[in-house]
Amino acid sequence: MSKTGADHLKSLRDGREVFLNGERVADVTTHPAFRNACRSAAKLYDFQAANLDLMTFPSPTTGKPVNRCWQLPKTYDDLVKRRNALVGWSRTNYGFLGRSPDHISSSLCGQVMGIDVFKRYSEPRAKALLDYYTYARDNDLFLTYVIINPQADRAKDTSKQQDEFLATAVVDEDSAGITVRGAKMLGTSSIMANEVLVANIQPLKPGEEKYAISFALPMGTKGIKIMSRKSYEAAATSVFDNPLSSTYDENDALVYFDDVKVPWERVFIYKDVNMARAQFQDTWAHAYQNYQCQVRLMVKLQFLMGIARRVCETNGTLEIPSVREALGRLAAYASMVEGMVYGMESGGTRFNDYFVPARHLMYAAQVITQEMYPNIITAIRELSGGGLIMLPSSVKDFDNPELNRLIHKTQKSPATDSMGRVKLMKLAWDAIGSEFASRHTQYEMFYAGAPFVTRAHMFRTFNWQNSLGLVDDLMSRYDVRGRTDTASGAKPASDAAAAQ
Ligand SMILES: Cc1cc2nc3c(=O)[nH]c(=O)nc-3n(C[C@H](O)[C@H](O)[C@H](O)COP(=O)(O)OP(=O)(O)OC[C@H]3O[C@@H](n4cnc5c(N)ncnc54)[C@H](O)[C@@H]3O)c2cc1C
């Protein structure tokens, strides 16, 4: 039997310390701020159980069906099958669960594919990581991660902040494990994940070893405080009024480790600044986790294209040439992401025994989509006009006979009835204009790192040799006296260019 939604909901009643509006939340699965998000997470596992071929593969150790997000692809076909599972899950939430379980599992897979990197630094830590991957996979765990230190003074190094334990650091160790104290941002899905993977992706300097750690713990571990941001789910007045924020508010939280004990078998990096950098960059972790993001974004953009077109149909603007042109441009953006995903896969490469997506194409998509997403949202807003706001205050207006009559008199469309119009415009607003939507724009702009960071990855991974070789090749064909090669005696392309 594969994991089910009921299994997942049960696993969330583990005594985790979630705080919201000054109070501790007794049970996230029933609390009005989180229960629907938890149900959306549970739905992933019910979908999986109902679509075993699409979504699962047999665990190599237990034979039990577990999600393909744990699969380490050895061939292009493996990669595509795994992508189809990522798409399957994303479609259940229209791409609005950014940190669904397949995100951090992708990171862990990328780390395991590069386990030699861990072994080079520490055999025991490498063994801990491998054992953890096996455990998480065989139990089909939902993991979140916190790998960024809290914003405070970004002009100063991690160790130079006002409080040396602002960022999570080691305070103690003994034969059983280590004790950690401090915060990490920004645990998306923490409220509904089983465990948290902690790491440090930002650069550290020699002398900052106590921050150079990585470990994983169950969310209910004593001392882990999950400080939720405002809940959009709680603020959603009804599903009809807020169809997305009422249901897919995956939440984000500052996670504080209040002198938390971590057993050695859960410690993957211990006080090693080089290993902390290598964890994401020398393995395939960073590329693989963000490849999952692009697959999800592909689905989300397909959904947003549906919103854009339906809004134009509803407003009777679809036949206007400039509107069709605007939709065509939007569709090109969405299709570009789809093409980038296919390109990453068909341009994939071998990494140890595995077949992995092309890293530079993943970073290209990352850089472009960080800029593109806010532009897409603005373009859909431009196509929509005031109809997103010209709406009944809430679903309750339909219950008042007088208002009901006026709603039907005033909400008009050539494509649908007044109920259809209100329903669509409320959905569109929730997707592109609400506070939930605004958080999504911030998410798409930052989840993989600030734009200056992703551009640096692009700079690092692009095939500059090929480009420079082409330039050198041309320049080698002429000199101050003119062209030196002829049609019959063209110079061979430079070795650098040919090798690419
Ligand atoms: C909705 C949301 C969900 C998130 N979920 C998670 C999660 O689940 N897990 C997790 O670990 N993280 C998560 N994050 C955090 C995310 O990884 C970070 O926001 C991202 O890495 C950028 O770091 P930062 O926010 O500290 O921005 P900063 O690094 O402080 O950068 C902010 C801006 O400051 C400027 N800036 C700062 N430093 C420099 C510099 N050196 N050079 C040039 N410009 C600079 C740039 O304009 C930059 O865009 C989430 C973020 C958001 C918004």
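The values are calculated or read from the model by the stated rules, or taken from the named source; none is laboratory data. Because the structure is predicted, anything quoted here is derived from the model rather than measured. When we count neighbours, we look across all protein chains shown, and the Cβ atoms used for this are built from the backbone with ideal geometry, even at glycine. In case anyone asks, the SASA skips ligands and DNA or RNA and just uses the protein heavy atoms, side chains included. Shrake-Rupley method; radii C 1.70, N 1.55, O 1.52, S 1.80 Å.
What Kirkwood Rh does segment 216-369 have if only Cα atoms enter the pairwise 1/r average? Answer in Å.
19.7
Find me the longest stretch of the chain that has none of the exposed trypsin sites (Lys or Arg not before Pro), where exposed means in a DSSP loop (not H, G, I, E or B) with at most 15 other Cβ atoms within 10 Å.
Result for the longest clean stretch: 231-411.
Mind checking which of Q370, S418, A155 is farthest towards the positive end of the chain's charge dipole, using Cβ charges of +1 (Lys, Arg) and -1 (Asp, Glu) about the Cα centre?
Of the options given, the answer is S418.
How much solvent-accessible surface does S467 expose, in Å² to the nearest 10, with a 1.4 Å probe and all protein chains in place?
40
Is the C-alpha gyration tensor of the chain telling us rounded, prolate or oblate? Criteria: a/c under 1.5 is rounded; beyond that, a/b larger than b/c is prolate, otherwise oblate.
Taking the square roots of the gyration eigenvalues as a ≥ b ≥ c, the chain is oblate.
Could you calculate the contour length gain from R483 to T416, that is, 0.36 nm times the residue separation minus the distance between their Cα atoms, to one decimal place in nm?
Contour length minus Cα-Cα distance gives 17.4 nm.
Taking the dipole about the Cα centre of the chain, with the C-beta of Lys and Arg at +1 and of Asp and Glu at -1, give me whichever of S393, T179, M219 is farthest to the positive side.
In the chain, that residue is S393.
Run the reach check for K64 against aspartates and glutamates, Cα to Cα strictly under 14 Å, same-chain hits fewer than 8 apart removed. What comes back?
Output for K64: D53, D138, D140.
Principal axis lengths of segment 322-382 from Cα atoms, whole Å, largest first?
Sorted largest first, the three principal extents are 49, 18, 11 Å.
Note down the magnitude of the dipole of the chain about its Cα centre, charges +1 on Lys and Arg C-beta and -1 on Asp and Glu C-beta and zero elsewhere, to the nearest 20 debye.
580
Tell me the mean residue ellipticity at 222 nm calculated for the chain from its helices only (DSSP H runs of n ≥ 4, each -39500 (n - 2.57), averaged over every residue, nearest 500).
Helix contribution divided over all residues of the chain: -15500 deg cm²/dmol.
Rounded to the nearest 20 Debye, what is the dipole magnitude of segment 1-138 about its Cα centre when Lys and Arg each give +1 and Asp and Glu each give -1 at the C-beta?
For segment 1-138, the charge dipole is close to 120 debye.
Compute the Cα gyration tensor for segment 3-139, then decide on rounded, prolate or oblate, letting a ≥ b ≥ c be the square roots of its eigenvalues: rounded whenever a/c is under 1.5, prolate when a/b is larger than b/c in the other cases, and oblate in all that remain.
Oblate.
Shape of segment 125-190 from its Cα gyration tensor (a ≥ b ≥ c, root eigenvalues): rounded if a/c is under 1.5, otherwise prolate when a/b > b/c, or oblate?
oblate
Note down the magnitude of the dipole of segment 220-297 about its Cα centre, charges +1 on Lys and Arg C-beta and -1 on Asp and Glu C-beta and zero elsewhere, to the nearest 20 debye.
Value, rounded to 20: 220 debye.
Report, to the nearest whole %, how much of the accessible area of the chain belongs to carbon and sulfur atoms, 1.4 Å probe, protein only.
Looking at the chain in its full context, I get 55 percent from C and S.
Quick one: work out Rg over Rh on the C-alpha atoms of segment 169-263, Rh as Kirkwood radius.
With Rg and the Kirkwood Rh in hand, the quotient comes to 1.10.
Under 22 Å Cα to Cα from K271, which lysines show up? Leave out anything in the same chain fewer than 8 places away.
Partners found: K119, K127, K156, K160, K184, K205, K210, K261.
Per residue, how many Å² of accessible area does the chain show with a 1.4 Å probe?
Computed with neighbouring chains in place, this is 43 Å² per residue.
Where the eigenvalues come from the Cα gyration tensor of segment 265-355, what are the semi-axes √(5λ) of the equivalent ellipsoid, largest first, in whole Å?
The equivalent ellipsoid of segment 265-355 has semi-axes of 42, 15, 10 Å.
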